[in-house]
1. Inside 10 Å of the C-beta atoms of A:192-200, what's the mean count of C-beta atoms belonging to other chains?
2. Leaving out same-chain residues fewer than 8 places away, which aspartates and glutamates sit with a Cα under 18 Å from that of residue A:16?
3. What does the average come to when, for each residue of peptide A:107-113, you count the partner chain Cβ atoms lying within 10 Å of its Cβ?
4. What order, most packed first, do the peptides B:124-133, A:65-74, B:166-175 have when packing is the mean number of other Cβ atoms within 10 Å of each residue?
5. If the limit is 27 Å between Cα atoms, which of A:201/A:448; A:174/B:230; A:409/A:448; A:62/A:174; A:57/A:174; A:174/A:249 go over it?
6. Got a sec? How would A:221, B:240 order by Cβ neighbour count within 10 Å, fewest to most?
7. Using modelled amide H (1.01 Å from N, peptide plane; none on Pro or chain starts), what sits under 5 Å from the amide H of residue B:181, excluding residues fewer than 5 places away?
8. What order do you get for B:153-162, A:409-418, A:331-340, B:205-214 when each peptide is scored by the mean count of other beta carbon atoms within 10 Å, highest first?
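Each reported figure results from applying straightforward, stated rules to the coordinates on display, with no laboratory input. All values reported here derive from a predicted model rather than from experimental measurement. Every residue, glycine as well, gets a Cβ built from its backbone with ideal geometry; the counts of neighbours run over all protein chains shown.
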Amino acid sequence: MPLSSPCQYGPVDAVKPIVELEGATVRFGAFTALDGVDFRMFPGEVHSLMGENGAGKSTLIKAITGALPLESGTLLIDGDPVTFPTPQAAQRAGISTVNQDVDLLANMSVAENIWLGREPRRFGLVDNRAMRHQAREVLNSLAVDIDPASILGGHSLAAQQLVAIARAISVDVKVLVLDEPTSSLDTDEVAELFRVIRDFKERGVAILFVSHFLDQVYEICDRVTVLRDGARVGEYLTTELLRIDLVQKMLGRDVAEFAARERVIEPDMPADPFLSARGITSTPGIADADVDIAAGEVLGLAGLLGSGRTELARALTGVDRPEDGILRIENREKRLNSPRQALSLGVVYSPENRRTEGLVPELSIQENIVLALQAQRGVMRRIPTARQRELVISWIDALGIRPADPDRKVRTLSGGNQQKVMLARLLALSPRLLVLDEPTRGIDVGAKVEIQNLVGDLADNGLAVVFISAELEEVLRVGDRVAVLRNGRVAETLPADSLNADILLALVAQPDLPEA
Amino acid sequence: MSTTDTTARQSTDVATTISTFTGRYVSLLPTFAAITILIALLVGAELYFGNFLTPRNVSALLLDNAYLMVLAVGMTFVIVTAGIDLSVGSVMAFTGILGASLIASGIPVIIVIPVMLVAGAAIGLLIGVLVQYFNVQPFIASLAGLFLGRGLAYVVSLNSIRVEDPVLVWMRTRIPLGDFYIAPTGIIAIFTVIIGALVMHFTRFGRTVYAVGGSEQSTRLMGLNVARTKVMVYVISGLCGGLAGLLLTAYTGAGYPRNGIGTELDVIAVVVIGGTLLTGGRGYVLGSMIGVFVFGTIKTIISFMGAEQSWTHIIVGVLLLVFVVVQRAIVSRSQQKE
């Protein structure tokens, strides 16, 4: 497929690119992260950077935002060659970045988070009133209503994300880099963000929108640059590139379409569930939820952020103690008081936030995998080193963890591989029910497919799996049955075959009828 | 408009006001709690003894605890960055005995006082550099500072050195204010609190101190100077240690190398009671001042009751425990909200 030339870019063909990278090369030791990559962005466009993890997306972002020096190649801003020694220098030149994990200060006010380091001053002292006033103006320009004097930590992640954007645009911004801005937002919040992005586009700002969600990329982006293994595959107009082609270019191979799993169990409610919950109530979050999960099936939980997805998972696995409701495991009534006790019954939970609640980033793959198993056996019965090694290598093999080095620190792994380490740790406990909360969040498409297929395999091997994801397509693809959560209730449980993404979206988004 | 409408609207107004208030001032709650406890202590003691809230007692509260207040200001800076400074007690002892011995050997006060302050700041600088550039845990680095300060104090003199210098004598003269009185040491302490509070809340440096306590990583990414800030808070704490040495020497009329053993723990206690989170990011210099008053009041009550002074530490210990638990509860509640 030919590369699109600037003339194909329609109305702005006369416009010069605002950012241009020519032959950019970045090496880390022997590893070439970027290999002679050309990249450009025009004013007033939304550009997406696509590629698997390790393709060089973050390196490229760092190269244009001053976080990493180029080994060779040139960076041109408005046609002039520049080098940015620090991110601050890039910001002064009008290039602002909002990182994936909101890098703000939860203990300080919204206004301070926007202006910190550039506070307005009077007589040498910080003028808090003027700062709040200016913060209000910036927030108003985004049309968001957040009290500038309130403490940031009290706001939702979505609101914090908007504050991060407010900080990024509070300087005269020409290029706005958004790295995975939507990974923790729900549908409404994404719509809100897109409204803000379109607004900037109107004003002639160039926006680099990096996301794993193909839907979103197609919805908001004009052009896309695809990277693979540190090299540029090409630059395309999104209107001219089919999704399947895009995925193929990213993966560099024919997509073995997510092999439709043979569905074993299809009844609405399994006759003989492994776990059966009735009337589970846990405030805040879920009220009167009924769930059944049988061995060998995947139950997908679909719902918007705040619908009680995570709360239900936590109540089923002993992390939170529900206030009300009956939990039966293999037809015997149980009370789960702790994750440890749940584990003794074969119920394990993989938390939503693997980095802060699950893995220990400074420990090795081996240590992370063995951690829970050792804890289960007790400190006194240490697993012999050789046995640990053997175990870990077998899991690395089975799940395809890369790099396959048991001593590698988990911090250095990509998101997908971290998730696999998390899975390996839980699977090493030989669970009967695995509850996965957003296992594919923030990982690249290839790893996502691998994890999805893995979940299918596990269920085929007789494990009961609860699979939570914000991506409805994914829930449908992986789940045998889908439980739709709305406002803390399980509104419906349906076989996945009877649904498609549109129907499911309608179910998830449907307003609850007022109770009589 | 019907009455129910108006009431409903009023109640939502009230609800918004409350949520605005909690959204803005959650972190003030522990300090409010400290003020409440202070008032309860004062009122309770007055009701119990009948002659507690006399001008004499109230004035003594400031005079007796001036050095503690100065140390607490410095400690607040350090703890807000999520650090800790164990050296302050021995820095105070060292600068105190250093000053006393210099004055005794005939060096003019105008030179001695800056020397004391610089000596304190230098030990603080050392700790700050260890923490920032050698990546030593603040606990360990300041423990080294504690031993260094104490050792240096013994090097200067093993015995108490009396100070008869007119300036230092003047510093403890009681200036009457009606029935109350205040000594220059108390004025210095109050000034330190005011300057500390101004720096914390109205300078970029002060805001960066809070930012570092919130998240060092994010602060760095925002392009703020984390290294300088972290070193500076220990320098400030050391400087306050030097100033406290001066105040204590003036107050007791002598330098003594065994002064301030265990004072660092009192200081940490008053700062925490005043509403500063040991995990950093939240806290107020004015709160620490309240903490000092709580501490001082408990001490006075104990001596009024004629009980053993070790009861002060038992009660302060219990209070500290309660406060840490309350803070935990506040923090976990605000995290739940996310």
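1. Working: counts 0, 0, 0, 0, 0, 0, 0, 0, 0.
So the per-residue partner count for this stretch is 0.
2. Within the straight-line limit of under 18 Å, residue A:16 reaches these aspartates and glutamates: A:38, A:45, A:78, A:80, A:202, A:222, A:235.
3. On the way: counts 16, 11, 5, 2, 0, 4, 4.
Partner-chain Cβ atoms within 10 Å, mean over residues of A:107-113: 6.
4. Working: B:124-133: 22.2, A:65-74: 16.7, B:166-175: 14.7.
Descending packing order for the listed peptides: B:124-133, A:65-74, B:166-175.
5. On the way: A:201/A:448 31 Å; A:174/B:230 33 Å; A:409/A:448 21 Å; A:62/A:174 17 Å; A:57/A:174 20 Å; A:174/A:249 29 Å.
In this structure, A:201/A:448; A:174/B:230; A:174/A:249 exceed 27 Å between Cα atoms.
6. On the way: A:221 22, B:240 32.
Ordered by Cβ neighbours within 10 Å, fewest first: A:221, B:240.
7. Those qualifying (amide H under 5 Å, at least 5 residues apart or on another chain) are B:59.
8. On the way: B:153-162: 15.7, A:409-418: 19.8, A:331-340: 12.5, B:205-214: 25.0.
Listed from highest to lowest mean packing, they are B:205-214, A:409-418, B:153-162, A:331-340.
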